[in-house]
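The values are calculated or read from the model by the stated rules, or taken from the named source; none is laboratory data. Keep in mind that this is a model prediction, so the values were computed, not measured. We place every Cβ from the backbone using ideal geometry, glycine too, and count neighbours over all the protein chains shown.
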Amino acid sequence: MLSEPQKMTNYFLDFATQVKNILHIKTKSDYQDSLALLEYLFEQATDSEGDPLNMFIEIVAHAIEKYESTQEKIVKFEEQVAKIDPGIAVLRTLIDQFNLTLSDFKVEIGSKSLISMILSGQRNLTKEHIAKLSKRFKIAPSVFF
């Protein structure tokens, strides 16, 4: 008869064998599988603190983060993203999500040339711009900071 520690060890070894390519991502295929699993887990997990799927999410997310930190393209992308002004990122996201043109921001920001200068980093969004954009899109002004 197996002791509790032996049973738990066997359960863990069975689990680790089944998901070794997820826990130790080595290839792009493993990475894609891990991302798909993580998405599935997010759909299945509850907000309950004791939900064991949340622990599994943490394990898979850690493996993904570890893999991504070794990928030159991902590291460079993250460095570029970190340099982007949050206000400009939000404005670009709004443009993409709502399929807007620069002309669509005349009321909130002004001329197309001013909007273009803001998007290129030559000018900054003012508090007034942010207040108007926040009101129009029903988002907190802090999103722009």
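Would you mind stating whether Asn99 is touching a residue at least 12 places away in the same chain (Cβ under 8 Å), farther than 30 Å from Val19 by Cα and among the polar types (S, T, N, Q)?
So Asn99 does not fit the description; no.
Can you tell which of Ile22, Ile109 is within 24 Å of Val143 (Cβ to Cβ) and touching a residue at least 24 places away in the same chain (Cβ under 8 Å)?
Testing whether each residue is within 24 Å of Val143 (Cβ to Cβ) and touching a residue at least 24 places away in the same chain (Cβ under 8 Å) leaves just Ile109.
Checking the condition touching a helix residue (DSSP H, G or I) at 6+ places or on another chain (Cβ under 8 Å), surrounded by fewer than 14 Cβ atoms within 10 Å (Cβ to Cβ), over 30 Å from Ala16 (Cβ atoms) and not acidic (Asp, Glu), which residue from Val107, Val90 passes?
Val107
Suppose the filter is closer than 27 Å to Ile139 by Cβ, of a type outside the set (Lys, Arg) and not in a loop (DSSP other than H, G, I, E, B); does Ser29 pass it?
no
Given the criteria β-branched (Val, Ile, Thr), within 30 Å of Phe144 (Cβ to Cβ) and either in a loop (DSSP other than H, G, I, E, B) or under 17 Å from the mean Cα position of the chain (by Cα) (or both), does Val75 qualify?
Yes: the conditions hold for Val75.
If Lys73 meets every condition in (1) touching a residue at least 40 places away in the same chain (Cβ under 8 Å); (2) surrounded by fewer than 10 Cβ atoms within 10 Å (Cβ to Cβ) apart from one, which number is that one?
(1)
Any chance you could count how many residues in region 102-145 are on the phi > 0 side of the Ramachandran plot and within 26 Å of the chain's Cα centre (by Cα)?
Final tally of qualifying residues: 2.
Within region 10-26, track down each residue that is assigned to a helix (DSSP H, G or I) and either farther than 30 Å from Glu68 by Cβ or in contact with a Phe, Trp or Tyr (Cβ under 7 Å, 6 or more places away or on another chain) (or both).
Asn10
Which of the numbered conditions does Ile64 fail, given that it passes all the others? Conditions: (1) at pLDDT below 95; (2) of a type in the set (A, V, I, L, M); (3) assigned by TED's automatic domain parsing to the domain that holds Ile22.
All conditions pass for Ile64, except number (1).
Can you go through Ala82, Ala131 and tell me which one is in a helix (DSSP H, G or I) and exposed (fewer than 10 other Cβ atoms within 10 Å of the Cβ)?
Within the list Ala82, Ala131, the selection yields Ala82.
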